[in-house]
Amino acid sequence: MLAPIAQSLPIAIGILLSSTPLVAITLTLYTRGRKAAVWAFILGWVGSMALIGGAVLVMADTPGSGPGLPSGWVNGTRIVLGLLLLYLALKQWHGRPQPGTEAPPPKWMRLLEGISTAKAGGLGLAL
């Protein structure tokens with residue numbers, strides 16, 4: 001009985017930690033009295049999750065060219081997404097601060113100072 005719990009524990013911790021920035025942004029906006037921006041952020045985030053979930057369902061439900069084989073455009077999309085993620089990882093790796101220097105806060109965190117409702121929705125969509 002403990003084996004399934006032990007197997008799912010890393011995934012549960014990852015899910016818990018992935019929501020921490022969303023909670024921090026929501027609380028920051030709420031404490032500054034920007035309730036409309038909070039709702040725009042939440043709706044943008046939920047909307048992007050719906051789009052990503054729909055894309056995953058379309059890609060997973062596509063009939064393949066044979067039993068168990070995905071169609072050509074699905075493989076092409078996977079390759080393009082994989083290359084895009086590799087490019088973004090390399091870009092972030094090369095842009096890291098030098099040892100001994102403090103990293104500046106990300107641009108999206110500085111954006112919270114004077115964020116409008118439309119920008120909050122866009123930030124939610126991006127995250």
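For this structure, a couple of remarks:
- Choice from Ile11, Ile42, Ile52 with maximal GNM fluctuation in the chain (Cα, 10 Å cutoff): Ile11
- For Ile115, no residue has an amide H sitting under 5 Å from its own, ignoring neighbours fewer than 5 places away on the same chain, with H placed 1.01 Å from N.
- Helix 2-18 and the longest principal axis of the C-alpha atoms of the chain enclose an angle of approximately 50°.
- Whole-angstrom gap from the stretch 1-28 to the stretch 72-101, using each part's C-alpha centre: 24
- Of Leu84, Leu51, Leu29, the one that fluctuates the most in a GNM where the chain has Cα springs shorter than 10 Å: Leu84
- Area accessible to solvent at Ile13, 1.4 Å probe radius, in Å²: 80
- Inter-probe distance in nm under a simple model that places probes 7 Å from Cα toward Cβ, at Leu9 and Glu102: 3.6
- Residues of the stretch 1-28 with amide N under 16 Å of the 7 Å Cα→Cβ point at Gln92: 14-15, 17-22
- Subtracting the Cα-Cα distance of Val74 and Ser19 from 0.36 nm times their residue separation leaves 16.9 nm of extension gain.
- Relative contact order computed over the chain (Cα-Cα under 8 Å; 6+ residues apart), in percent: 48
The values are calculated or read from the model by the stated rules, or taken from the named source; none is laboratory data. Here the structure is a predicted model, which is why all the values come from computation and not from measurement. Methodologically, a virtual Cβ is constructed for each residue, glycine included, from the backbone with ideal geometry; neighbour enumeration extends over all protein chains shown. Please note that ligands, DNA and RNA were not included when accessible areas were found on the heavy atoms of the full protein model with its side chains. Shrake-Rupley method; radii C 1.70, N 1.55, O 1.52, S 1.80 Å.
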